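Below is one structure; the comments refer to it alone.
The values are calculated or read from the model by the stated rules, or taken from the named source; none is laboratory data. Please read these numbers as outputs of a predicted model, since none were measured by experiment. Quick reminder, even Gly has a Cβ in these numbers, built from the backbone with ideal geometry, and neighbours come from all protein chains shown. Note: areas computed on protein heavy atoms with side chains; ligands, DNA, RNA excluded. Shrake-Rupley method; radii C 1.70, N 1.55, O 1.52, S 1.80 Å.
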Amino acid sequence: MNPLAPLYRAIEWMPVLAQDITVLVVLVMPALIVGALVLVGFRPFPLVRAMLWRFRWTNALFVLLIAVSVGLGVGLIAQERGLRQGTARAADPFDLVISAPGSEITMMFAAVYLQPSDVPLLSGEIYDEVANAPDVTLAAPIAFGDSYVSSPVVGSTAQFVTHLSPDLAEGAMFADRLEAVIGSRVDLALGDSFTPAHGVGDAAEHDAHAHVEYVVSGRMQPTGSPWDRAIIVPVEAVWEIHGLANGHAPENADQLGPPFDPDYFPGTPAILVSAEQLYVNYALRAQFTTDRTMAFFPGTVLANLYSLMGDVRQVMSIMAVVTQILVTAGVLAGLVILTRLFARRLALLRALGAPGRFVFSVVWSYAATLIFSGAVLGVAIGYGAAALISRVVSAQTDILVTATLSWPEFHLVGAFVSLTVILALVPAFIALSRPVVTDLRS
Amino acid sequence: MNRRGFFATATGAVLAAPFIVTGAAAAEPQVRLRELYERDMSFTPFALENAGTRVAIEGFMAPPLKADSNFYVLTNIPMAVCPFCSSEAEWPNDILAVYAQRVVNVIPFNVKIITRGTLELGTYTDPELGFVSRVRLIDAVQERA
Amino acid sequence: MSLDLKIDDLEVRAASGRVLLSVPRLSVAAGMCLGVKGPSGAGKSTFLFSLAGLGANSSGAIAWGGTDLMVLSPEARAKFRRHHIGMVFQDFLLFEELSAAANAALPGAYSRRARQAVIARKAGDVLDRLGIAHGGRTVESFSGGERQRVAIARALAADPEIVLADEPTASLDRKTADRLIEDLVRMVREEGKTLIAVSHDPAVYTRMDRVIEIVDGAIVSDEVRDG
Ligand SMILES: Nc1ncnc2c1ncn2[C@@H]1O[C@H](COP(=O)(O)OP(=O)(O)OP(=O)(O)O)[C@@H](O)[C@H]1O
Ligand SMILES: [Mg+2]
């Protein structure tokens, strides 16, 4: 359980920003109080600077050690949030997905993140039932399975394209069976034509659809999701290419988009459903959870994954915190040894008549400077690492992951600084307990 | 180091402390979700009286529609995926839209939770999600009961 | 307040119990320049540290103007040193990374703000008088003689009534040593300070009012010179 929970409970009436600031202040307060008590009336900084400079390489190493351990914790939190936000943003247009029964995760990866997999189809009757349910504003078939180079070619409707990208970045919506709207990062230009391959990746059969050529008619806005690499074509075209009925009765065979005729509906792996009434989503989810259909919120699947990811992150955070504390303990032990190097100078100060508290404040400030610099550098390292990993993840998954720094990181660092700065009192006490004359003569 | 800055921050926190204590002392009135509506779907006196103030409501977190969002639905009874036990007529007055202060960590739909937030009455259409709600809790915080 | 030194039954022992220094009785009037001579290892440095209240394992009384350092707490002794004693150590003990001026003004680092400025000014004056013109340079690059002067400036910066100097002319050439001791004695006398200087150097003794000799931890001779 979070030890800060009672504090959050007490301040939950505040605006969130004020809460975060308050928590940060509470966390760094011990450091500030200790600092104020140790430093009040003294100006040890010229001496501290001299000592820092004297052993600059050792000090730099200490700072780096602290920074890396702090960066580990910061990076972990920032990365998890980035992944969560990125995957959630990518799934945002997909409120409710209906498919044949199976694994929700597999289906989510196929329909939302366009990771190919073989799934059974839903029939025209089911599609009809979904599309005609009260309050449904959008029921779009998502017919994946073909590809062009590394882009999945997905059959759907104009409404679906508009759902993903309310305005097109350029060009126009497909108005003809062999026109296509491409995602923002597809390597084609308006007017280009291409032949889709049957299947995806290495298993694709490139000449299966050799007689078909799509022409690019429009391009969508960036969505930060794998759909940026997708090519969307009329679902009728996908059906026809595979030698199936095209969803409409022969008398209006040229129609594009809904309504579809259940008798001529060859099937779709998934249907994206959108409803404006909140409860309708839940009602549809209940209604289409049957032995023939599976209805799920990608949001829920993701949230459960996040919850798992959060648990893993928490375990790793604990390890990161333990690392931080161990590293700092090591650094402070190092400081005790280092203060032996300073022993003569400290003895000199005391021989000259400096108050014990002044000598104490010199040693503490020295340690606190290392800790604070390490913490600040650690934030930079953590952010840098998260930014780097985010870029790699974005490039590999097409899910836009951006690293940001937010309050939890600063809370972590604040608590770290407070704790270790209090630990830094120990080397200061040890330094003070050394015999003056012995150190002077050494 | 700037010692005045030090003290300004420290003083600020000390000044904030009494407010923290005052805030903690005020315990929100706690009701069950059903106690917001009358049978005819009008608001109860409790709902009308406490509109605009912080209240605590007991219920269950429905499986979220959106991942990584501040929004969730509080239900009166655990929302199992069970086609027989949810009669559509009961939907609207059995659920409450909740806008949390922070991104919500999901709590399983069958775990009883307490949600504390400011009660808001009146029809409202969410500009981002497009959902329509008659009652909401805003600035909410939730925890396992 | 006139800080006459009065020692009674002072005995300093090593941790092993061996007596390092034993002074049954000694008085030094304020404003006097006292030289301390004796062979190496005789206990001269031990004697100076005791006078500054830095002796461990000691008994007896070391009173400056009636204040017995032996009964004071370590913090109170530090306060006494801070306000009344300036020390020059056998091997300079400077902060190598700080400038000469900052080294000389070191006592200001732990003094009140108002006093800090006074100390800095005085430190600068003394450096000038001792001929250290480049006070802004870090002392890393200073010669032995220059370092010794910075150490003396530091001892005088807080304007103490008592100056305790351990071998202030050691490792200096004859000419430099003579000039340095002359400058030190002149400044001390001008300001009516008490100077107690340990030295092997006969040239130092000639400028003192009185010279004592320590052998094997005991004062074996005490000679008042007439200047
Ligand atoms: N803490 C101690 N424990 C044991 N012996 C000590 C201790 N401190 C000093 N001594 C011994 O006491 C004696 C006197 O030392 P001191 O430094 O006072 O000599 P000194 O007269 O200043 O010699 P020098 O002229 O070489 O500086 C030496 O034999 C020294 O080894
Ligand atoms: Mg000596």
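C:D159 - would you say it is outside any helix (DSSP H, G or I), more than 16 Å from ligand 2 (Cβ to nearest atom), within 14 Å of chain A (Cβ to nearest Cβ) and open to solvent by 40 Å² or more (accessible area, probe 1.4 Å)? Please lay out each step first, then the result.
Numbers: outside any helix (DSSP H, G or I): yes; more than 16 Å from ligand 2 (Cβ to nearest atom): yes; within 14 Å of chain A (Cβ to nearest Cβ): yes; open to solvent by 40 Å² or more (accessible area, probe 1.4 Å): yes.
Here the answer is yes, as C:D159 does meet what is asked.
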Where in the range B:1-114 are there strands (runs of 3 or more DSSP E), lying fully within it, with 3 or more residues that are closer than 20 Å to A:A10 by Cα, aliphatic (A, V, I, L, M) and at pLDDT 85 or above? B:54-61
Which condition from (1) at pLDDT 85 or above; (2) open to solvent by 30 Å² or more (accessible area, probe 1.4 Å) is the one that A:A347 breaks? (2)
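Residue-wise test of (1) assigned to a helix (DSSP H, G or I); (2) surrounded by 15 or more Cβ atoms within 10 Å (Cβ to Cβ); (3) among the hydroxyl-bearing types (S, T, Y).
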position	(1), (2), (3)
C:Q116	yes, yes, no
C:R121	yes, no, no
C:G124	yes, yes, no
C:L127	yes, yes, no
C:G136	no, no, no
C:Q148	yes, yes, no
C:R154	yes, yes, no
Would you be able to say whether some residue in the range A:152-169 is in the same structural domain as A:V233 (by TED's automatic domain parsing) and at pLDDT below 90? no
Within the range C:76-90, can you find the residues that are more than 13 Å from ligand 2 (Cβ to nearest atom) and open to solvent by less than 40 Å² (accessible area, probe 1.4 Å)? C:A76, C:A78, C:F80, C:R81, C:H84, C:I85, C:G86
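Rundown of residues vs (1) in contact with a helix residue (DSSP H, G or I) (Cβ under 8 Å, 6 or more places away or on another chain); (2) more than 8 Å from every other protein chain (Cβ to nearest Cβ); (3) open to solvent by 50 Å² or more (accessible area, probe 1.4 Å); (4) not acidic (D, E), yes/no style:
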{"site": "A:A10", "(1), (2), (3), (4)": "yes, no, no, yes"}
{"site": "A:V23", "(1), (2), (3), (4)": "yes, yes, no, yes"}
{"site": "A:A36", "(1), (2), (3), (4)": "yes, no, no, yes"}
{"site": "A:W57", "(1), (2), (3), (4)": "no, yes, yes, yes"}
Applying the selection to the range A:270-290, what residues are open to solvent by less than 10 Å² (accessible area, probe 1.4 Å), at the interface with chain B (Cβ under 8 Å from one of its Cβ atoms) and of a type in the set (F, W, Y)? A:Y282
Considering only the range A:162-175, I want to know if a residue exists there that is in contact (Cβ under 8 Å) with a residue 24 or more places away in the chain and β-branched (V, I, T). no
Sole exception among (1) modelled with pLDDT under 90; (2) within 16 Å of ligand 2 (Cβ to nearest atom); (3) crowded, with 20+ Cβ neighbours inside 10 Å for C:S171, by number: (3)
Is one or more of the residues making up the range C:55-62 within 13 Å of chain A (Cβ to nearest Cβ) and in contact with an Asp or Glu (Cβ under 8 Å, 6 or more places away or on another chain)? yes
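Conditions tested, residue by residue: (1) of a type outside the set (A, V, I, L, M, F, W, C); (2) open to solvent by 60 Å² or more (accessible area, probe 1.4 Å); (3) assigned to a helix (DSSP H, G or I).
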{"site": "A:G382", "(1), (2), (3)": "yes, no, yes"}
{"site": "A:A385", "(1), (2), (3)": "no, no, yes"}
{"site": "A:I389", "(1), (2), (3)": "no, yes, yes"}
{"site": "A:A395", "(1), (2), (3)": "no, yes, yes"}
{"site": "A:I399", "(1), (2), (3)": "no, no, no"}
{"site": "A:L405", "(1), (2), (3)": "no, yes, no"}
{"site": "A:V417", "(1), (2), (3)": "no, no, yes"}
{"site": "A:V421", "(1), (2), (3)": "no, no, yes"}
{"site": "A:V426", "(1), (2), (3)": "no, yes, yes"}
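Output the residues belonging to the range C:1-24 that are in contact with a Leu (Cβ under 9 Å, 6 or more places away or on another chain) and either within 14 Å of chain A (Cβ to nearest Cβ) or within 10 Å of ligand 1 (Cβ to nearest atom) (or both).
To start, the set of residues in the range C:1-24 that are in contact with a Leu (Cβ under 9 Å, 6 or more places away or on another chain) comprises C:5-8, C:10-14, C:21-24.
Matches in the range C:1-24: C:V12, C:R13, C:A14, C:L21.
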Search result, residues across the range A:85-107 that are among the small types (G, A, S) and open to solvent by less than 30 Å² (accessible area, probe 1.4 Å): A:G86, A:A88, A:A90, A:A91, A:S99, A:A100
Might you let me know whether the range C:178-198 holds any residue that is among the hydrophobic types (A, V, I, L, M, F, W, C), touching a residue at least 12 places away in the same chain (Cβ under 8 Å), open to solvent by 10 Å² or more (accessible area, probe 1.4 Å) and within 16 Å of ligand 2 (Cβ to nearest atom)? no
Subset of the range A:291-341 (residues that are polar (S, T, N, Q), assigned to a helix (DSSP H, G or I) and closer than 30 Å to A:D92 by Cβ): A:T300, A:N304, A:S307, A:Q314, A:S317
Take the residues in the range A:42-58 that are free of Cβ contacts under 8 Å to residues at least 24 places away in the same chain and over 21 Å from C:R137 (Cβ atoms), then tell me which one is nearest to the chain's Cα centre (by Cα). A:W57
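If the requirement is being assigned to a helix (DSSP H, G or I) and within 11 Å of chain B (Cβ to nearest Cβ), which of these qualifies: A:V48, A:V68, A:V74, A:V63? Can you show your working first?
Numbers: A:V68 fails: within 11 Å of chain B (Cβ to nearest Cβ); A:V74 fails: within 11 Å of chain B (Cβ to nearest Cβ); A:V63 fails: within 11 Å of chain B (Cβ to nearest Cβ).
On inspection, the qualifying residue turns out to be A:V48.
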Breaking point among (1) in contact with a Lys or Arg (Cβ under 8 Å, 6 or more places away or on another chain); (2) outside any strand (DSSP E or B); (3) more than 16 Å from ligand 2 (Cβ to nearest atom), for C:L93: (3)
Meets criteria (without any contact (Cβ under 8 Å) to a residue 24 or more places away in the chain and farther than 25 Å from A:V238 by Cα) for A:L61: yes
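Identify all residues within the range C:90-99 that are facing chain A (nearest Cβ under 8 Å) and farther than 11 Å from C:R154 by Cα; write none if there are none.
Taking the range C:90-99 as the starting set, the residues that turn out to be facing chain A (nearest Cβ under 8 Å) are C:93, C:95-98.
Those that are facing chain A (nearest Cβ under 8 Å) and farther than 11 Å from C:R154 by Cα: C:F95, C:E96, C:E97, C:L98.
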Residues being away from ligand 1 (no atom under 13 Å from the Cβ) and over 17 Å from C:G86 (Cα atoms) - total across the range C:35-66: 4
Please state which of the following conditions C:K37 fails to meet, knowing it meets all the rest: (1) within 11 Å of chain A (Cβ to nearest Cβ); (2) open to solvent by 50 Å² or more (accessible area, probe 1.4 Å); (3) within 16 Å of ligand 2 (Cβ to nearest atom); (4) touching a residue at least 12 places away in the same chain (Cβ under 8 Å). (1)
Working carefully through the options C:A120, C:A102, find the one that is more than 16 Å from ligand 2 (Cβ to nearest atom), at the interface with chain A (Cβ under 8 Å from one of its Cβ atoms) and either under 24 Å from A:V363 (Cα atoms) or touching a residue at least 24 places away in the same chain (Cβ under 8 Å) (or both). C:A102
Which one is most open to solvent (accessible area, probe 1.4 Å), of the residues in the range C:1-21 that are closer than 28 Å to C:G31 by Cα and within 16 Å of ligand 2 (Cβ to nearest atom)? C:L20
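In the range C:75-86, is there at least one residue being within 16 Å of ligand 1 (Cβ to nearest atom), within 25 Å of C:K122 (Cβ to Cβ) and either touching a Leu at 6+ places or on another chain (Cβ under 8 Å) or at pLDDT below 95 (or both)?
In the first step, residues of the range C:75-86 are kept if they are within 16 Å of ligand 1 (Cβ to nearest atom); the result is none.
The answer is no, given that none of the residues of the range C:75-86 is within 16 Å of ligand 1 (Cβ to nearest atom), within 25 Å of C:K122 (Cβ to Cβ) and either touching a Leu at 6+ places or on another chain (Cβ under 8 Å) or at pLDDT below 95 (or both).
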